Structure formats: structure tokens, C-alpha cells
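Presented below is the structure to which this report refers.
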Amino acid sequence: MDSLIIQRTEETPFVHLDQAGNFFQISGNSYPEDPTDFYKPVIRWLQEYTLSPNSKTDFIFYFVYFNSASYKSLYEIVHLLEKIIKQNGVVKIIWQYKEGDVDVREIGEELAEAVKIPFEIIPVL
């Protein structure tokens, strides 16, 4: 499966999804004009990945800022990762946030409550 790499912009996060390298990360800002359109290739890639996932998937999220319109796509991504667990796979989400950013931390906590995936919520300096 080919890697998916999307370079960050002011409004969109860096996306690096690499099955062969076992590296999965979305980081930066997320307030694209059309979040559904931006996250469409990410969702598509993950849908394919869930058909034959690695034995262990550690997925890193690190948002400096994201808007409420991006939340729906993030929710969908997390639920796709939960699908792997339902197939007896191993998934862990590492939710990083800038230390002191209560809003991003709380979103991570909300997502952790919405799914049956181990979440590590980590402040970053």
C-alpha cells in the first residue's frame, strides 16, 4: 500500500500515513475551507488500511489548532481505527497537545471516551 503524505499549510495539517514504515501521524493546524474535502484522501487511505492493517498501529495526533468543522473528520478517523480493534488488531492513539492548551486536550479526552481505543494524552512543551 502506498504511503499518503500531505504537506502542511497554514490551514491544513501535515499527514503522513505509511503502512510499510508503520508510521501514522497528523499534526499541525486544521481549519481548511472544506474539511470534508481535505480529509477525503485520509479517510479513503484508512478505509483501505483497515482491510489489512499492521499487527500494531500507533497513531499520533498533534494539533496546534483545529476548528469544529474538522472535528467530524477526526471523529470518523478515530472510528476507522476502532474498526481495527474490532478485528482483533492492536491500536493506540497518541494525542499530543501544546502544554496548557485545554481545548485541544479536552477534544482528545472526548474522542477517547467515544471509542474503545487506548489513548495516551500527552502535553508537549
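The values are calculated or read from the model by the stated rules, or taken from the named source; none is laboratory data. Predicted, not measured: the structure shown is a model, and the values here were computed from it. Please note: Cβ atoms are built from the backbone with ideal geometry, for glycine as well, and neighbour counts cover all protein chains shown.
Table for the structure above
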{"quantity": "Residue satisfying all of: in segment 19-77; acidic (Asp, Glu) and in contact (Cβ under 8 Å) with a residue 24 or more places away in the chain; nearest to residue 89 (Cα to Cα) among these", "calculated": "58"}
{"quantity": "In segment 56-69, residue farthest from residue 105 (Cα to Cα) [restricted to those that are at pLDDT 95 or above and not hydrophobic (A, V, I, L, M, F, W, C)]", "calculated": "56"}
{"quantity": "Some residue of segment 72-94 being touching a Gly at 6+ places or on another chain (Cβ under 8 Å) and either of a type outside the set (Val, Ile, Thr) or under 15 Å from residue 13 (Cα atoms) (or both)", "calculated": "no"}
